[in-house]
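Every read-out reported here was derived from the displayed coordinates using simple, explicitly stated rules and does not represent laboratory data. Model, not experiment: these values are computed from the prediction. Here the Cβ is made from the backbone with ideal geometry for all residues, glycine too, and neighbour counts use every protein chain on show.
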Amino acid sequence: MPDARIALVTCSRLPELDPEDATLLPVFADRGVRAEAAVWDDPDVDWDAYDLVIVRSTWDYAPRRTEFLAWADRVPRLANPATALRWNTDKHYIKQFGEAGIPVMVTTWLEPERHFTPRDLHNRFPAIEEFVIKPAIGAGSLEAGRYTSTSANSRGIAIRHAHRLLQEGRSVMVQRYLPSVDTAGESGLVFLNGEYSHAISKAAMLKGPDSEIAALHRVERVSAHTATEHEIETARAVMAAAIASIPVFAESGQAPLYARVDLVTNDDGSAVLMELELTEPSLYFSFGEGSRKRFADDVVQRLGG
Ligand SMILES: Nc1ncnc2c1ncn2[C@@H]1O[C@H](COP(=O)(O)OP(=O)(O)O)[C@@H](O)[C@H]1O
Ligand SMILES: [Mg+2]
């Protein structure tokens, strides 16, 4: 499509995009596509004016999910589509995946409707090892904490953490802290238009209890990673399950424009899903040779040529 115009969507604290995404602009320009940054909650943006609107660094959405999804519903030609964002921004999809046979982290789900007392929470935490508390709707590793089961002090802080989230009406996930995250890290496998593209390794994000962080996300330490065949196979199964679960993909046969499958390693060495990112994943283009061009080519194809 000649003279196509697209928006790369960001947040008001990163109005010029994440530096990695900013490197896409000349790649689009080379293909005759005018790409520009646009802030999702900027009332002056005319979303109808774009041939495609691509969500990138909307990293402030989690505390404002309802508003964010209402925005997504209003935007025509959004990638990934609003219904996929609605499905993906609540980690309850992990429960659905587990039931569908995808290897997921064993999770205790604490729902606010149950009105758990601190004692109930105590009884639902693991008795041994370390564990994680995180909100089902959350991003950037914010409001997640790591606790020691056998320490009364740590358990007490964990109870207060979970209780606070539940009192705010939020669902809470409790998981065993997988020790391999400290040694091997977490693998992020990037899929562009449904095709596996490249991978990175991310070091452990949680050192201790939840603490208030003013940043958009916790600081990440990312390095190059060659995904194993087993990781790629597992990530492909995750992608297939997501496509089957989300009608906008299942019915159109179209894959998500972008996705990242985050895997960690279980005690037996097998890969297990930490999360699937279909909303606003960093895509780490600098770690995938040719990935910017492939991404831009996929976009051009969606623009009709
Ligand atoms: N069960 C777990 N074991 C070890 N580390 C975990 C676990 N759950 C979360 N983490 C750490 O917390 C980070 C954030 O958790 P994640 O589920 O990916 O949420 P977010 O959507 O905030 O990225 C992960 O990247 C990982 O470092
Ligand atoms: Mg994550």
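Stretched out straight at 0.36 nm per residue, the stretch from Arg236 to Arg64 would grow longer than its current Cα-Cα span by 58.9 nm.
What is the pair-distance distribution P(r) of segment 1-40, computed from all Cα-Cα distances in 5 Å bins starting at 0, with each bin given as a whole percent? P(r) for segment 1-40, in whole percents per bin: 6, 28, 29, 21, 12, 4, 0.
Pairs with C-alpha atoms separated by more than 20 Å, drawn from the list Lys95/Lys202; Lys134/Lys202; Lys95/Lys134; Lys91/Lys134, are Lys95/Lys202. Listed values for segment 136-151 are Karplus-derived 3J(HN,Hα) couplings in whole Hz (6.51 cos²θ - 1.76 cosθ + 1.60, θ = phi - 60°), namely 5, 10, x, 7, x, 6, 7, 6, 10, x, 10, 9, 9, 4, 8, 9, and x replaces Gly and Pro. Neighbours of Lys95 by Cβ distance under 15 Å: Lys/Arg scored +1, Asp/Glu scored -1, total -2. Cα convex hull, segment 107-176: 73 Å³ per residue, rounded to a whole number.
Taking a sphere under 12 Å around the Cβ of Ser282 and counting the other residues whose Cβ falls inside, with K and R at +1 and D and E at -1, yields a net charge of -4.
Of the GluC sites (Glu not before Pro) found in segment 1-83, the ones in coil according to DSSP and having at most 13 other Cβ atoms within 10 Å of their Cβ are Glu16. Each Lys and Arg Cβ is given +1 and each Asp and Glu Cβ -1; about its Cα centre, segment 12-117 then shows a dipole of about 440 debye. Considering only Thr150, Val172, Ala136, and ranking their Cα positions along the charge dipole of segment 107-176 that arises from unit charges at the beta-carbon of Lys, Arg, Asp and Glu, the one farthest toward the positive end is Thr150. Segment Asn153..Val222, full-extension length gain: 21.7 nm, with 0.36 nm per residue of separation and the alpha-carbon distance subtracted.
For the chain, give me the percentage of DSSP beta bridges that are antiparallel, rounded to the nearest 5 percent. Given both bridge residues lie in the chain, the antiparallel proportion sits at roughly 70 percent. Applied to segment 87-104, the Karplus parametrisation 6.51 cos²θ - 1.76 cosθ + 1.60 on θ = phi - 60° returns per-residue 3J(HN,Hα) values of 4, 8, 8, 10, 5, 4, 4, 5, 4, 4, 4, x, 5, 8, x, 7, x, 10 Hz, with x for Gly and Pro.
Estimated at 0.36 nm per residue, the fully extended path between Ala203 and Arg114 surpasses their Cα-Cα distance by 28.6 nm. Less than 5 angstrom separates the built amide H of Phe191 from those of Ser197, Ala259, Arg260, Val261, all sequence-distant by 5 or more or on a different chain.
Given +1 at the Cβ of Lys and Arg, -1 at the Cβ of Asp and Glu and no other charges, the dipole of the chain around its Cα centre is 680 debye to the nearest 20. For Glu275, the residues whose modelled amide H falls within less than 5 Å of its own, excluding neighbours fewer than 5 places apart on the same chain, are Asp262.
For the chain, a Kirkwood radius taken over Cα pairs fed into Stokes-Einstein (20 °C, viscosity 1.002 mPa s) yields D = 106 µm²/s. Computed from point charges on the beta carbon alone (+1 for Lys and Arg, -1 for Asp and Glu), the dipole magnitude for segment 107-176 about its Cα centre is near 120 Debye. Result for the chain in a Gaussian network model with C-alpha springs under 10 Å: among Glu195, Glu168, Glu231, the largest mean-square fluctuation is at Glu168. Summing +1 for each Lys or Arg and -1 for each Asp or Glu among the other residues whose beta-carbon sits under 12 angstrom from that of Asp298 gives +3.
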